[in-house]
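**Student:** Here it is, the structure in full.
The values are calculated or read from the model by the stated rules, or taken from the named source; none is laboratory data. Quick caveat, the model's predicted, so the values are computed rather than measured. Counting neighbours? That spans all protein chains shown, and the Cβs are built from the backbone with ideal geometry, glycine included.
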């Protein structure tokens, strides 16, 4: 049996569709580029990255980290993904623009065509009805339906526009993340919220009506944390997909702390009142299920080279690497002049600094890939010989409150150090001033000017609080650095923890570092 979460990794806001015998999943990527992740599967169990929808969302200051602006917790939010009459449609809102974008393509690999929709459709769900009309459901707390003009993809003049459901006022989280479907002549509206009575737990609801103009009646259909006993860490926000035989499956995501939001899939049935429910004992989310073909896997390492992987940096250039290995993404738009692959005495990623900044969140060209549940370590070799005074280069557990190991240079020469930005609290709401905060640099040892060093970051998401630890290689053996750095999922950058490869300057631009032989391993670090 396969186990939930079906993807042990941060793929938030999934929307799953089936085209023929292939399932596709779209997921949020926020400020990471290339963005708009699409995965594919033949059985709802084994998934692999298939495409990115866009290379960039713009070249203004927030996407290029200029003039003290940024797109953390912005960019791509909550896609709606549909296939209709030979065309793939993917739409999402950009909160900072107060506008929504629509992308279309004849195949998921692209090319994708982008256009603005002329309105802001928050947490939307595209719906192609049987009579040829097209609608979009959208909103927070107040969930509306708007008929679309398929020439402009904005609101159709004189078309249907109404409130479908209205949440109670002053809820911790009002209705959002809606998905609309039609089954057996009835309309099913899935949505999630966090009512006061659940004390910080998100639940999934479903509302049903015979027409789009009638009263949608509904109830809570899911209140399950899959054994997690932490506030906010519920399973919710999703919809349904069928297999070729007509069997139905629900998909949602599970908030899993600093790891991020991991997709969950399970068979669907209907309860005694006719509402969707998990097809399992007690209508609880099954921790294991067989998938559409009865396929199974023994562990999460099957995802290697499908949605995470090692890296030898042997491609011809950085663009080829990003095109081939879709699990690598860069924070904000790449600065192509200052990131490259070099092939001198070894294959390496070279990140050169183009600006002077205060911390690694302000730095361009930070190269990232997701951490994997439950224990995961990443390691890389750093050649710091090109660093200038005031430069730092390293590997971190990448979040707003990052922690890692870096090599820096000061007036005395090179040194190995911890680099950490501590969270103000464990609140999910985020830290004010996270973008301006200077990290704490704790020197561990001095290095010679020609010395490369291999460092390792281990993330542990098994029990609260999540944390990471560090080690560095000395005489062929990893030396553990005492202590641990706490990790949290917060709304300040709004993504799960990743490994981040970075270089930045605090005094003078132009320094660089070379990184080689990245390895990612799952399971307990036994060094």
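**Student:** Tell me which residues, restricted to segment 441-470, are under 29 Å from residue 230 (Cα atoms) and in a strand (DSSP E or B). It would help to see each step written out before you state the result.
**Tutor:** Quick first cut of segment 441-470, residues under 29 Å from residue 230 (Cα atoms) only: 456-470.
Listed by number, the residues that qualify are 456, 457, 458, 459, 460, 466, 467, 468, 469, 470.
Conditions tested, residue by residue: (1) out of contact with any strand residue (DSSP E or B) (no Cβ under 9 Å at 6 or more places or on another chain); (2) more than 25 Å from residue 30 (Cα to Cα).
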| site | (1), (2) |
| --- | --- |
| 434 | yes, no |
| 439 | no, no |
| 449 | no, yes |
| 455 | no, yes |
| 461 | no, no |
| 469 | no, yes |
| 479 | no, yes |
| 489 | no, no |
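**Student:** Same structure, new question: Could you check, for segment 23-31, whether at least one of its residues is free of Cβ contacts under 8 Å to residues at least 12 places away in the same chain and either outside the structural domain of residue 359 (by TED's automatic domain parsing) or in a loop (DSSP other than H, G, I, E, B) (or both)?
**Tutor:** no
**Student:** Among the residues of segment 314-337, count how many are free of Cβ contacts under 8 Å to residues at least 60 places away in the same chain, more than 14 Å from residue 369 (Cα to Cα) and not in a helix (DSSP H, G or I).
**Tutor:** Of the residues in segment 314-337, 4 are free of Cβ contacts under 8 Å to residues at least 60 places away in the same chain, more than 14 Å from residue 369 (Cα to Cα) and not in a helix (DSSP H, G or I).
**Student:** Please determine whether any residue of segment 472-487 is exposed (fewer than 15 other Cβ atoms within 10 Å of the Cβ) and either in the same structural domain as residue 94 (by TED's automatic domain parsing) or under 27 Å from the mean Cα position of the chain (by Cα) (or both).
**Tutor:** Checked segment 472-487: no residue is exposed (fewer than 15 other Cβ atoms within 10 Å of the Cβ) and either in the same structural domain as residue 94 (by TED's automatic domain parsing) or under 27 Å from the mean Cα position of the chain (by Cα) (or both).
Okay, residues lined up against (1) part of a loop (DSSP other than H, G, I, E, B); (2) in contact with a strand residue (DSSP E or B) (Cβ under 9 Å, 6 or more places away or on another chain); (3) crowded, with 16+ Cβ neighbours inside 10 Å:
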| residue | (1), (2), (3) |
| --- | --- |
| 38 | no, yes, yes |
| 44 | yes, yes, yes |
| 57 | yes, yes, yes |
| 107 | yes, yes, no |
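**Student:** Which strands (runs of 3 or more DSSP E) sit wholly inside segment 346-412 and have at least 3 residues that are closer than 22 Å to residue 440 by Cβ?
**Tutor:** The qualifying strands (runs of 3 or more DSSP E) are 375-383, 391-398, 403-410.
**Student:** Next question, about the same structure. All but one of (1) free of Cβ contacts under 8 Å to residues at least 60 places away in the same chain; (2) in the same structural domain as residue 182 (by TED's automatic domain parsing) hold for residue 8, so report the exception by its number.
**Tutor:** (1) is the only condition that residue 8 fails.
**Student:** Right, something else. Mind telling me which of the residues 109, 96 ends up being in contact with a helix residue (DSSP H, G or I) (Cβ under 8 Å, 6 or more places away or on another chain) and either under 21 Å from residue 189 (Cα atoms) or in contact (Cβ under 8 Å) with a residue 24 or more places away in the chain (or both)?
**Tutor:** Selected residue: 96, the only one of 109, 96 that is in contact with a helix residue (DSSP H, G or I) (Cβ under 8 Å, 6 or more places away or on another chain) and either under 21 Å from residue 189 (Cα atoms) or in contact (Cβ under 8 Å) with a residue 24 or more places away in the chain (or both).
**Student:** Which of the numbered conditions does residue 374 fail, given that it passes all the others? Conditions: (1) over 23 Å from residue 109 (Cα atoms); (2) within 17 Å of the chain's Cα centre (by Cα); (3) at pLDDT 95 or above.
**Tutor:** (3)
**Student:** Among the listed residues 181, 122, which satisfies the condition of being closer than 20 Å to residue 85 by Cβ and either surrounded by fewer than 23 Cβ atoms within 10 Å (Cβ to Cβ) or out of contact with any strand residue (DSSP E or B) (no Cβ under 7 Å at 6 or more places or on another chain) (or both)?
**Tutor:** Of 181, 122, the one residue that is closer than 20 Å to residue 85 by Cβ and either surrounded by fewer than 23 Cβ atoms within 10 Å (Cβ to Cβ) or out of contact with any strand residue (DSSP E or B) (no Cβ under 7 Å at 6 or more places or on another chain) (or both) is 181.
**Student:** Check segment 467-486 and report whether any residue there is touching a helix residue (DSSP H, G or I) at 6+ places or on another chain (Cβ under 6 Å) and at negative phi.
**Tutor:** no
**Student:** In the set 177, 154, 158, which member is touching a residue at least 12 places away in the same chain (Cβ under 8 Å) and on the phi > 0 side of the Ramachandran plot?
**Tutor:** Of the residues listed, the single one that is touching a residue at least 12 places away in the same chain (Cβ under 8 Å) and on the phi > 0 side of the Ramachandran plot is 177.
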